[in-house]
Each structure stands twice: as C-alpha cells, then as structure tokens.
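Just below is one structure, and these are the notes that go with it.
The values are calculated or read from the model by the stated rules, or taken from the named source; none is laboratory data. Computed from a predicted structure; not experimentally measured. Cβ placement follows ideal geometry from the backbone for every residue including glycine, while neighbour counts extend to all protein chains displayed. Each accessible area value is taken on the protein alone, full model and side chains, heavy atoms only, with ligands, DNA and RNA left out. Shrake-Rupley method; radii C 1.70, N 1.55, O 1.52, S 1.80 Å.
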Amino acid sequence: MKRAAVIVFITLSSFAILQSSKMEISQDTPYTRLDSLRGSITPERAWWDLTYYHLNISVDPTTKTIKGTNQVDYKVLSENQVIQIDLQTPMMLTSAMQNGQNLEFTKEGPAHFISLKDKQSIGEVNTLMLSYEGTPIEAKNAPWDGGITWAKDDNGIDFVASSCQGIGASLWWPCKDHMYDEVDSMLMSITVPKHLMNVSNGRPRGVDENKDGTNTYHWFVNNPINNYGVNINIGDYVHFNETYDGEKGPLDMDYYVLKDNLKKAKKHFKLAPKTIEALEHWFGPYPFYDDGYKLVEAPYLGMEHQSSVTYGNGYQYGYRGYDLSRTGWGMKWDYIITHETGHEWFANNITYEDMADMWIHESFTCYSEGLYTEYFFGKEAGAEYIRGLRAGIGNIAPMIGDYDVNSAGHGNVYSKGANVLHTLRQAINDDGKWRGILRGLNETFYHQTVTTQQIEEYISEQAGQNFQFVFDQYLRNSSLPVFEYVIKEDKINYRWSGVVDGFDLPIKVTIDGQEKWLEPKTKWQEVEMKNTTSLVVDPNFYVSVLNVMGS
C-alpha cells in the first residue's frame with residue numbers, strides 16, 4: 001500500500017558515473033514497449049493495491065533452481081478484470097488461481113496479464129495464488145548486474161544470495177514489480193537443505209524440519225517493503241545479537257555470519273550500533289524497530305535489503321580497504337555498514353516512486369557518510385569527506401533519468417548528489433534547521449514512496465527559501481553553476497553564469513579575510529570594497545569559480 005538499482009557501486013580508482021538523457025524520452029532513446037511495461041504504472045497495475053505477500057519457495061543450490069508459490073493479496077481500487085504480474089525468463093509462471101479457479105494468462109516479456117473470472121468489486125480484498133519454477137538469472141558480478149549469486153564459502157559449502165535493484169525482483173519471484181506500490185506486510189517461507197540456514201527480512205517465525213532433508217525458515221516483515229528489498233541469504237551461518245538503546249527504545253540488532261568469521265565479526269560489527277547512533281541523530285529514529293536490524297554476510301559487496309542489510313566488505317574499513325574521498329576520513333569506518341545502513345532511511349523508509357528519481361536514495365545515503373564522519377570526528381571532518389568525493393564527479397549527465405521506463409541512466413547520484421545536499425546546507429546556514437529538515441523528511445514521508453517534486457517542495461518550505469531553480473540546475477542539468485567575478489579598483493563585480501533562468505543561490509565568500517554573503521544573479525552586480533586584493537568562495541559550495549579578469 002505504500003505509495004506515492006540498478007545500483008552502481010564505486011570502483012576503487014574512481015566513482016562510477018551513471019549517465020542519463022533528459023527527463024522526457026527523446027526519439028533517439030532505445031526504449032521499447034517492454035521498458036514501458038516494466039517501468040510505468042500500467043492500467044493492469046493501477047486498479048489494485050498490494051496488501052500482503054506469502055512467498056513460499058524451495059531453493060536448490062545443487063541445480064540452481066527455485067520452485068514454489070506466491071500468495072498475492074490485494075485491494076480493488078477500481079473495476080478491471082486483468083491483472084499484471086511480472087516474472088522474468090527463464091523463470092516460468094506455471095499457474096495462476098483465484099477462489100479455486102485456474103486462470104488464463106498471456107505473456108509479453110516479463111509481464112503476465114492474468115484474466116480474472118470473478119468480478120473485482122471496489123473495496124474488496126482478494127487473493128491470487130501464483131505457482132512458478134525455474135532457473136533464475138545468475139549474477140555474474142553482483143550487486144552491479146543483479147541476480148542470484150550461487151557461490152561457495154571457503155569450506156566448499158553453498159553460499160547463496162539475491163540482489164536485484166533495477167533489474168527487478170521478478171527475476172526470481174512473481175510480483176507486482178514496480179516501486180510505486182509496496183506490500184504492507186510479507187511472510188517468507190524459504191526451504192533449503194538442512195545443513196544450510198536461510199536469513200531473510202524482518203523477524204524469524206520458526207523453522208520447520210522436513211522429512212526430505214530440508215528445513216523451512218519463516219520470516220515475517222511487519223512494515224511496507226519494496227520488491228528489491230526482499231532477499232534470501234543462504235549459507236553456513238552462525239548468529240549473535242545485541243540490543244541497542246535507540247531513540248524509540250530497545251532495538252534488536254542481529255548478525256548472521258559464516259561460522260569461520262564469527263570472531264572477527266563480533267569485533268568488527270561493533271560499528272553497527274555506532275552507525276545507528278549517528279544516523280538516528282541526523283535522520284530520526286530507525287524506521288523499522290518492530291522488524292529489527294540485521295547485518296547478514298553475503299557473497300558480494302553489499303545491498304540495502306530492508307532490515308536485512310547484506311555485507312561483504314571483508315571486515316575492513318573503507319570501501320574494500322580504500323578511502324573513496326582520498327582524505328583519510330573514509331578509513332575511519334566501514335563503507336558498507338555505514339552506506340547500506342543509511343539506506344534504511346533513504347531507500348527503505350523513503351522510497352522513490354520511479355527509478356528515474358534514484359538520486360533520492362543514493363544522494364542522501366552518500367551524504368550520510370559525511371554526516372557519520374561529522375558526528376564522530378567533527379564538522380570539518382565531515383565536510384572534508386564530502387568535498388573529497390568531488391574528484392570522481394564528471395558532470396556529464398543530469399541526475400534525474402527518464403520516467404516510466406525503469407531508467408537506469410543517472411548522472412552522479414552518489415557523490416554529486418551528496419555535494420548538492422551539502423551545498424543546500426550552506427545556503428540555509430542554520431545547522432539546527434538543516435538537521436530538522438533531514439529528520440522531518442523521514443517523519444513526513446514515513447514508509448512512503450515519493451517523487452522528486454515532493455522532496456524539493458518539502459526542503460524549500462522548511463528552509464523558508466525557494467530552491468526550485470537550484471534543484472533544476474543540479475538535478476536536471478549536467479553542468480555546474482559558474483560564479484564569475486572580477487576585482488576592479490574599489491569594486492567587485494559578480495554574477496552566475498551557465499545556469500537555468502531564475503537560478504538563485506546565495507553564496508558565502510571571503511574578501512581579504514572578511515566573510516561576506518553575496519546573492520548573485522545572472523546579471524552583473526557589484527559591491528564596493530576598498531583596496532580589495534582577493535576573493536575566495538567557501539569551498540563547501542559545489543560550484544565552479546571563474547575570475548574573469550584572470551581568465
């Protein structure tokens with residue numbers, strides 16, 4: 001009911017730069033009807049509202065297959081007799097049933113259009129039972145490409161996990177595979193060979209020991225959850241836990257790691273409650289107290305699966321032992337624990353309605369890395385970390401992608417987005433208000449899907465400043481605003497150039513050692529300053545600076 005990726009991680013040498021075209025689809029874009037079926041709210045999706053899933057499957061690591069059922073409960077919002085369910089090849093939907101009746105369906109790409117026999121009356125909650133099986137897409141380079149990772153641990157024991165942001169959860173289970181509608185709650189019953197354990201989202205509801213040499217692990221999520229946030233983690237796990245005294249009371253923190261890593265995990269995962277402490281300070285209470293918090297070791301780098309954050313950073317600080325900011329601050333904490341936990345607020349609590357707005361997830365979460373640094377090491381340390389991320393920004397594409405096509409083309413939604421938020425903080429010039437905005441976002445849009453417009457309007461309203469054209473410049477254009485100035489006699493002339501019409505960003509400068517706020521426009525303005533020799537723009541503003549006289 002929660003209404004209104006591709007996740008690209010960062011290489012060791014530079015930040016991954018995601019590219020996109022303009023907001024509207026141009027004639028030369030390679031989009032197809034299948035992209036629209038995947039990325040838009042089709043008529044066959046719009047008429048019903050998800051309320052509950054029960055995913056009941058068997059996972060066989062030997063054959064790399066999945067087989068089972070998904071119960072889909074939904075509320076009828078408007079009259080329609082055709083429902084869209086998504087399942088990607090080579091997985092096969094073998095049957096669809098409602099009220100004991102077999103239903104016919106047609107298939108177009110991953111979209112299955114199921115014809116319902118019983119009248120769908122507005123306000124009713126109905127159930128659809130789906131059966132399916134097959135060999136799901138195998139991830140070759142998770143989590144970048146998405147799929148199921150069928151790996152072995154160092155002891156040769158199966159080590160299996162899902163990751164599917166962007167490509168979609170329908171690669172391994174049938175669902176309503178669009179971000180705008182999140183199921184209210186979900187039960188997962190995952191059957192695996194008895195020498196293995198499955199860990200999924202939410203809280204455990206028991207284990208069934210089956211006579212065929214398998215065990216079924218039941219997990220229940222009591223909060224709205226997006227499809228790509230649903231996960232399976234299967235391995236030779238051991239478990240330990242602790243309780244954190246958080247803003248809303250006791251928070252259960254559970255850790256599942258390969259048994260050979262237990263000793264180092266108990267030491268290294270002490271970073272997890274520190275992360276919750278810092279991020280609750282900035283963003284407000286952890287959004288899923290009733291589902292708890294988990295870190296689960298995975299055979300890939302990591303992903304923000306809701307209440308089941310996956311971890312594969314090798315029990316080391318930084319990003320695989322590397323500081324992405326090149327400032328030294330990134331080696332004070334574990335990138336995956338900090339970044340992926342940050343997504344519990346921005347991605348899982350506040351979720352984009354359309355993937356074109358992926359900046360909402362990644363920009364705020366990348367920014368949370370600087371906030372963590374600031375919380376423990378001071379304001380300048382956090383600012384230095386964020387500024388250090390600029391080295392990898394190409395400014396070659398807008399941050400917002402194409403709507404209604406599941407667009408994966410976004411420019412610099414990580415590091416550029418973090419610096420845009422850092423710039424807004426400078427312009428607001430009130431750290432208490434800024435923290436209130438960050439916490440207010442998570443309260444106002446608690447467990448909701450959102451659009452960019454909602455985020456923009458909220459920040460502007462709470463700041464008491466109209467940032468409409470600032471957002472237009474940074475989100476919908478690729479180039480940075482240019483602050484031009486010239487020192488001439490006893491005057492300084494200055495203006496913005498290379499900006500959208502109406503761009504209005506105040507900026508702090510230091511003139512001969514004296515701090516001063518300027519409000520540049522696109523037309524030249526001047527300020528009288530006697531015997532001026534230097535002007536320095538506050539480096540916390542993410543802008544280009546051009547001394548026209550010196551150019």
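Which peptide among 152-158, 32-38 comes first, and what is the full order, when sorted by highest mean count of other Cβ atoms within 10 Å? It would help to have the intermediate numbers written out before the result.
On the way: 152-158: 13.1, 32-38: 16.1.
Result, highest mean first: 32-38, 152-158.
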Exercise. Find the accessible area per residue for segment 94-158; the probe is 1.4 Å, ligands and nucleic acids are left out, and the unit is Å².
Key: 50
Exercise. Summarise the accessible area of segment 132-232 (1.4 Å probe, protein heavy atoms) by the percent that is carbon and sulfur.
Key: 48
Quiz item: Of 97, 358, which has the most accessible area with a 1.4 Å probe, and how do the rest follow in descending order?
Solution: 97, 358
Self-check item: Overall form of segment 359-401 per C-alpha gyration tensor (a/c, 1.5; a/b vs b/c)
Solution: oblate
Quiz item: With the Cα gyration tensor of segment 210-256 giving a ≥ b ≥ c as the square roots of its eigenvalues, does the rule (a/c under 1.5 for rounded; else a/b larger than b/c for prolate; else oblate) give rounded, prolate or oblate?
Solution: oblate
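Quote the FRET efficiency, to the nearest 0.05, computed for residue 94 versus residue 31 with a Förster distance R0 of 45 Å and r equal to the Cβ-Cβ distance.
Working: r = 30 Å, r/R0 = 0.68.
Taking R0 as 45 Å, the efficiency between residue 94 and residue 31 is 0.90.
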Practice problem: Note down the relative contact order for segment 418-546 as a percent, whole number, built from C-alpha pairs under 8 angstrom at least six residues apart. | Solution: 25
Quiz prompt | Approximate spin-label separation residue 194-residue 526, in nm, with each point projected 7 Å along Cα-to-Cβ | solution = 8.9
Quiz item: Excluding ligands, DNA and RNA, what is the solvent-accessible area per residue of segment 166-296 at a probe of 1.4 Å, expressed in Å²?
Solution: 34
Quiz item: How much accessible area per residue does segment 458-515 have, in Å², with a 1.4 Å probe?
Solution: 43
Quiz item: At residue 493 and residue 75, where each label point lies 7 Å from the Cα along Cα→Cβ, what is the point-to-point distance in nanometres?
Solution: 6.2
Quiz item: For residue 512 and residue 468, what is the calculated FRET efficiency with R₀ set at 45 Å and r taken between the beta-carbons, to the nearest 0.05?
Solution: 0.85
Quiz item: Using a basic spin-label model with each label point 7 Å from the Cα along Cα→Cβ, how many nm lie between residue 106 and residue 248?
Solution: 4.5
Practice problem: Multiply the residue separation of residue 446 and residue 322 by 0.36 nm, subtract the distance between their alpha-carbon atoms, and state the gained length in nm to one decimal. | Solution: 41.3 nm
Quiz item: In terms of the Cα gyration tensor, with a ≥ b ≥ c the square roots of its eigenvalues, is segment 400-551 rounded because a/c is under 1.5, prolate because a/b exceeds b/c, or oblate?
Solution: prolate
Quiz item: Based on the Kirkwood radius over alpha-carbon pairs, what value in µm²/s does the Stokes-Einstein equation return for the translational diffusion coefficient of segment 80-184 at 20 °C and 1.002 mPa s?
Solution: 139
Practice problem: With runs of 4+ DSSP H residues as the only contributors, calculate the mean residue ellipticity of the chain at 222 nm using -39,500 (n - 2.57) per run, divided by the residue total and rounded to the nearest 500. | Solution: -6500 deg cm²/dmol
